[in-house]
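Since every read-out is calculated from the coordinates, none of them should be taken as a lab result. Every value quoted in this text rests on a predicted model; they were computed, and no experiment measured them. A quick note on method: Cβ atoms are made from the backbone with ideal geometry, for glycine too, and the neighbour counts reach across all protein chains shown.
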Amino acid sequence: MAEATNDPVRLPPAPRIPKLLQGVAFVVNRDKAVAAVARRHGSEFTLNLPIFGPTTVISDPALVKELFTANNDLIARAGTLGEVLGPGSTFSLDGIPHRQRRKLLVPPFHGKRMQGYEGIVEEEVRREIATWPEGEDFATMPSMMRITLNAILRAVFGADGAALEELRELLPPMVLKASRLAVMPPAARRDYGPLSPWARVEKLRRRYDAVIAGLIADARRDPGFEDRNDVLALMLQARYDDGSPISDDHVADELLTLLAAGHETTATTLAWAVERLRRHPRLLARLRDEVDAGGSDLLQATIFEVQRTRPVINGTARMTRQRIRLGEWVIPARHVVLVSISLAHAAERSFADAEAFNPDRFVGNPPDTHAWIPFGGGIRRCIGAAFANMEMTVTLRTLLREFEFGTTYAPGEAAHSRGVATAPARGGRAVVYRRSPHRSTVVSADAAEVSA
């Protein structure tokens with residue numbers, strides 16, 4: 001377990017590459033950059049990165065566990081998402097305030113409440129796929145974005161209307177612009193005039209804050225407010241141990257966190273799932289048969305494997321509050337430790353034949369929570385993980401029931417950075433046919449080669 005120490009600093013090896021070149025390589029392609037260094041130096045090494053500065057990169061499950069379970073006195077949050085999402089976001093909080101906030105936020109996304117949200121997700125999936133073209137190549141990611149955004153908006157606010165229409169319009173561009181600026185140096189997040197990128201984000205944020213203020217006021221005026229179980233109502237009703245509520249400004253920041261994190265990352269994973277399944281026709285047929293029979297084990301394993309092989313978030317960072325021992329290394333105070341999700345998921349020590357897309361590895365064998373870490377870990381593990389998993393399960397189950405997917409021999413789609421998230425470069429393209437008893441269940445790769 002990570003512990004404080006006065007021993008001399010001992011960092012993992014670092015590549016003999018100028019700081020500027022390290023930064024450029026990391027910005028251009030994070031996965032390739034860390035993989036190249038790992039091939040030379042192993043699972044732990046030190047980089048000098050934009051935003052973070054000197055950074056120790058780890059991926060070994062034992063060290064990941066030490067970091068994720070370290071005491072709050074030793075480890076703090078790191079990164080720029082809190083700056084983007086606002087001071088009231090859980091990404092901005094540390095220590096006792098963070099722990100208290102998580103205690104209030106976990107109930108809406110836990111246990112039986114998930115069952116209440118399943119119907120919302122299925123309705124949104126069916127509404128979206130009603131317009132899907134048959135026999136034509138198209139990108140599924142825009143559809144996945146609409147499904148996940150509409151589902152999280154309805155789960156959060158419990159209703160529809162003009163205010164939610166405005167959120168549907170302004171959130172996608174705001175989240176995308178903010179995501180891209182979050183991985184850039186601090187100078188990029190300054191207002192240089194009305195046409196500068198950050199000024200545009202701030203303008204969208206002011207619109208967002210005004211909409212949320214109106215929705216909060218509407219919720220409080222609702223005669224049935226006490227009986228509502230949407231996330232907004234639950235957050236407004238929540239009380240800390242001293243009886244105080246979450247402030248309205250912080251509610252707005254937390255809602256933006258939920259809307260952003262629960263929308264883009266889930267949609268991107270779903271687009272990757274389509275991209276992967278079309279290239280594995282036998283798996284696709286097995287999944288269809290399982291869904292028809294009412295099962296879900298292979299589907300859940302497939303979701304795990306998509307997240308392992310195509311993680312949409314490349315890493316998660318912490319900062320040391322004081323000098324600590326982490327495994328054999330001694331890390332100085334105010335030093336960033338970056339858990340490389342992509343390296344952890346590609347490690348042969350954790351996943352035999354790691355390059356293969358093989359969901360069977362997880363059937364009846366749930367992944368280790370320190371080797372498989374798409375939602376992060378420890379006290380900062382994603383609050384919405386259960387909601388995201390439910391969304392993906394319901395969406396893919398509905399798609400498998402409704403469509404035959406044209407398979408393809410085309411190479412897999414390359415990864416494309418959208419800022420914080422990594423998406424399929426061509427949008428998770430698909431060719432679909434509505435299912436009927438008279439059609440073959442999986443269209444052959446030759447018939448679907450129009451998608452290549």
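Distant-in-sequence amide contacts of ARG418, defined by a placed amide H-H separation under 5 Å and a gap of 5 or more residues or a different chain, comprise ALA423. Comparing Cα centroids, the stretch 214-259 and the stretch 364-386 end up 27 angstrom apart.
Computed from phi, the 3J(HN,Hα) profile of the stretch 420-425 under the Karplus parametrisation 6.51, -1.76, 1.60 (θ = phi - 60°) reads 6, 9, 10, 10, x, 4 Hz, with x in place of Gly and Pro.
Here the Karplus relation 6.51 cos²θ - 1.76 cosθ + 1.60, evaluated at θ = phi - 60°, turns the backbone of the stretch 67-76 into coupling constants of 5, 5, 9, 5, 5, 4, 5, 9, 10, 10 Hz, with x for every Gly and Pro.
P(r) for the chain, from all Cα pairs and a bin width of 10 Å, is 4, 20, 30, 27, 16, 4, 0, 0 %, short bins first. Applying the criteria of a DSSP loop state and at most 16 other Cβ atoms within 10 Å to the trypsin sites (Lys or Arg not before Pro) of the stretch 157-205 yields ARG190.
In loop segments of the stretch 165-222 as defined by DSSP, the chymotrypsin sites (Phe, Trp or Tyr not before Pro) with at most 13 further C-beta atoms inside 10 Å of their C-beta are TYR192. Scanning residues 5 or more positions from LEU326 or on other chains, those with amide H under 5 Å from its amide H are ILE331, with H placed 1.01 Å from N in the peptide plane. What is the stretch 207-355 by shape, rounded, prolate or oblate, if you read a ≥ b ≥ c off the alpha carbon gyration tensor as root eigenvalues and call it rounded for a/c under 1.5, prolate for a/b larger than b/c, and oblate otherwise? Taking the square roots of the gyration eigenvalues as a ≥ b ≥ c, the stretch 207-355 is oblate. With the charge dipole of the chain set up from +1 on Lys and Arg Cβ and -1 on Asp and Glu Cβ about the Cα centre, the Cα lying farthest toward the positive end among the listed residues VAL251, LEU47, ASN229 is that of LEU47.
A DSSP coil position with no more than 14 other Cβ atoms inside 10 Å describes the following GluC sites (Glu not before Pro) in the stretch 263-330: GLU328. Note: the stretch 342-410, Cα convex hull, 133 Å³ per residue. What the phi angles of the stretch 2-10 give under the Karplus curve with 6.51, -1.76 and 1.60, with θ = phi - 60°, is a coupling list of 4, 8, 5, 7, 10, 4, x, 4, 9 Hz, glycine and proline written as x.
Classify the stretch 178-219 from the C-alpha gyration tensor, please: rounded if a/c falls under 1.5, else prolate or oblate depending on whether a/b exceeds b/c. Prolate shape, in that a/c is at least 1.5 and a/b is the bigger ratio. Quick check on the stretch 22-157: take the gyration tensor over C-alpha atoms, sort the square-rooted eigenvalues as a ≥ b ≥ c, and tell me if it's rounded (a/c under 1.5), prolate or oblate. Because a/c hits 1.5 or more and a/b fails to exceed b/c, the stretch 22-157 counts as oblate.
Annotation for the stretch 56-70 versus the stretch 152-205: alpha-carbon center distance of 33 Å. Rounded to the nearest 500, the 222 nm mean residue ellipticity of the chain from helices alone is -14500 deg cm²/dmol, with -39,500 (n - 2.57) taken per DSSP H run of at least 4 residues.
Under 5 Å from the amide H of ILE75 lie the amide H atoms of ARG321, each residue being 5 or more positions distant or on a separate chain, with H modelled from the backbone and absent for Pro and chain starts.
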